Amino acid sequence: MLDFIINNAKIVTESQVFDGSIGIQDGKITHISKTIGESANRVIDAKGKLLLPGLIDGHTHMEMPFMGTVSSDDFYQGTVAAACGGVTTIVDFAVQPRGGTILDTYDMWRKKADPKVCVDYALHMIIRDFNEINLKQIRNLIEEGVTSFKLFMAYKKELYLDDGAIYSIMDEVVKYGGLVGLHCENADLIECFAARLLSEGKVEAEYHAKSRPSLVEVEAVQRGIRLAEMSGSPMYVVHMSTGLARDEIKEGADRGLPVYSETCPHYLTFTAEAYRRPNGNRYIMSPPLRSDEDRAKLWLGLANGFIKTVGSDHVCFNSQQKNQPDFSKVPNGVIGTEVILPILYSAGVGKGILPLTRLVQVTSYNPSKLFGLYPKKGAIAVGSDADLVVLDPNKSVRLSVDNLHSNIDYSIYEDVTVTGYPVLTISRGEVVSEDGQFTGKKGKGQFVKGKQFPAKRPDL
Ligand code: DUC
Ligand code: ZN
Ligand code: ZN
């Protein structure tokens, strides 16, 4: 007797689409076949639906201390939203506090997350203090299963590291099999442009985008690629927003460098026009929203495989937090984890831009390979965790505040209606969301250790 059988699904993996059934026992996938000749405690008929690996959102910031406040989704509410969006693993960013060590930060984040998470999670580490202690602890942290790091070229007063520090950390990370993620924007130029605009009384949301134009990001991506090249480290550009940056990554990858990139649902949906809307501050994130041409190039980058992943950069703030006197004071960030799958399915697969297998590559297979979670996560295979999502391709949902689960009082996606929506999310064999309702339990998620980045670059 099995725990769970899903019959008659259209099963999608990173390389195949086929009709079949899946059997689950003790949280693992035990059967994949046309039919399963056993009984189970729960059997569902998924006729007409798609069955995909649960998503791995490689970019979340739950309860993040940032810009003088804390992001409003904690590890509970944020992973409720994740579960309802078909995400079964998040990779959250632990933020080393100034003066702290990265090993202490790891403990802090485990203590915050473990009692609250409703789906599984792994961690990246944001290093803010470049010093001997933290440099030495990189090796220990990788042994603990935190194998990826995020370094900031932006946020001069809060998170920034200079090029020497970034190079030195890359040099250390590569020795022990880690991966460096980079926030690519030129901090000095942002400071300069923002000061000019503010001195001219230009305080509205649209000037957020003008203070960090596309080339500010492109220059930093170019520099990041060269730092990776000099150090020999693999490098992952997080939240890439521009078409030109995509071209730089492609050029680096074509030269044989292990450089990868991620984009986010908001860059695939909106343009900088959103900053002129009545609540333009709510769309402030960094890098900012760009042009229609950039948006089209990002979609194309996903379609042809130049951009490897979609992560959400989920870091949300309520309307009170977003209500600030000028753009430079608005906490940067928007929701995202719950909308990755609906946006990519509806605007990508539904519009004929993304094949189904590519959808699985960018939302689960590639992140699982890059962050060392494969094949426990990111695979529909016997022995893998039973992390699955059933998607109804005909279900239309408006991404309004009433239908989403984050702890904020508005939705930037209020005007967006998608067709194709997750209707069942399974985390290690347990149903954590069904028909838009969270059905999981607080604290049931587990920490997952990342494996080292392979010496032989993954074939993505
Ligand atoms: N970008 C954001 O928009 N928010 C948090 C951090 C970041 O890099
Ligand atoms: Zn960032
Ligand atoms: Zn981020």
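What to note about this one:
- Given (1) assigned to a helix (DSSP H, G or I); (2) surrounded by fewer than 21 Cβ atoms within 10 Å (Cβ to Cβ), number of the condition residue 42 does not satisfy: (1)
- Being part of a loop (DSSP other than H, G, I, E, B), more than 22 Å from the chain's Cα centre (by Cα) and either closer than 20 Å to residue 318 by Cβ or β-branched (Val, Ile, Thr) (or both) is not true of residue 30.
- No other residue among 176, 167, 160 is within 14 Å of ligand 2 (Cβ to nearest atom), closer than 27 Å to residue 370 by Cα, among the aromatic types (Phe, Trp, Tyr) and surrounded by fewer than 24 Cβ atoms within 10 Å (Cβ to Cβ) apart from 160.
- Single residue of the stretch 273-313 satisfying the filter (among the polar types (S, T, N, Q) and under 25 Å from residue 93 (Cβ atoms)) that is farthest from ligand 1 (Cβ to nearest atom): 309
- Residues of the stretch 2-34 that are over 17 Å from residue 424 (Cα atoms) and either in contact with a Leu (Cβ under 6 Å, 6 or more places away or on another chain) or modelled with pLDDT under 95 (or both): 17, 25.
- Listing of helices (runs of 4 or more DSSP H) fully contained in the stretch 177-245 that carry 2 or more residues being within 16 Å of residue 163 (Cβ to Cβ) and free of Cβ contacts under 8 Å to residues at least 60 places away in the same chain: 187-199, 214-231
- Within the stretch 111-145, considering residues that are within 22 Å of the chain's Cα centre (by Cα) and closer than 26 Å to residue 226 by Cβ, the one farthest from ligand 1 (Cβ to nearest atom): 142
- Condition met for residue 420 (part of a loop (DSSP other than H, G, I, E, B), touching a residue at least 12 places away in the same chain (Cβ under 8 Å), closer than 19 Å to residue 87 by Cα and touching a Leu at 6+ places or on another chain (Cβ under 9 Å)): no
- Residues in the stretch 81-108 that are within 16 Å of ligand 1 (Cβ to nearest atom) and either at pLDDT below 95 or not in a loop (DSSP other than H, G, I, E, B) (or both) were compared, and the one that is nearest to residue 403 (Cα to Cα) is 90.
- Note on the stretch 352-383: residues that are more than 27 Å from residue 2 (Cα to Cα) and within 17 Å of the chain's Cα centre (by Cα) total 11.
- Unique match (being within 16 Å of ligand 3 (Cβ to nearest atom) and among the charged types (D, E, K, R)) among 204, 217, 248: 217
- Residue within the stretch 393-413 that is touching a residue at least 24 places away in the same chain (Cβ under 8 Å), surrounded by fewer than 24 Cβ atoms within 10 Å (Cβ to Cβ), on the phi > 0 side of the Ramachandran plot and outside the structural domain of residue 76 (by TED's automatic domain parsing) present: no
- Residue among 63, 38 that is among the acidic types (Asp, Glu) and either within 23 Å of residue 345 (Cβ to Cβ) or in contact with a Leu (Cβ under 9 Å, 6 or more places away or on another chain) (or both): 38
- Where residue 122 falls short, out of the listed (1) more than 16 Å from ligand 3 (Cβ to nearest atom); (2) outside any loop (DSSP other than H, G, I, E, B); (3) of a type in the set (Gly, Ala, Ser): (1)
- Among (1) assigned to a loop (DSSP other than H, G, I, E, B); (2) in contact with a strand residue (DSSP E or B) (Cβ under 7 Å, 6 or more places away or on another chain); (3) farther than 22 Å from residue 57 by Cβ - the single one residue 146 does not satisfy: (3)
- Cross-chain or 6+ apart pairs with Cβ under 6 Å, the stretch 142-163 first and free of Cβ contacts under 8 Å to residues at least 60 places away in the same chain, then within 13 Å of ligand 2 (Cβ to nearest atom) and among the hydroxyl-bearing types (Ser, Thr, Tyr): 152/160
The values are calculated or read from the model by the stated rules, or taken from the named source; none is laboratory data. In this text the structure is predicted, and so the values were computed from the model without any measurement. Using ideal geometry, Cβ is built from the backbone for each residue, glycine included, and neighbour counts are taken over all protein chains shown.
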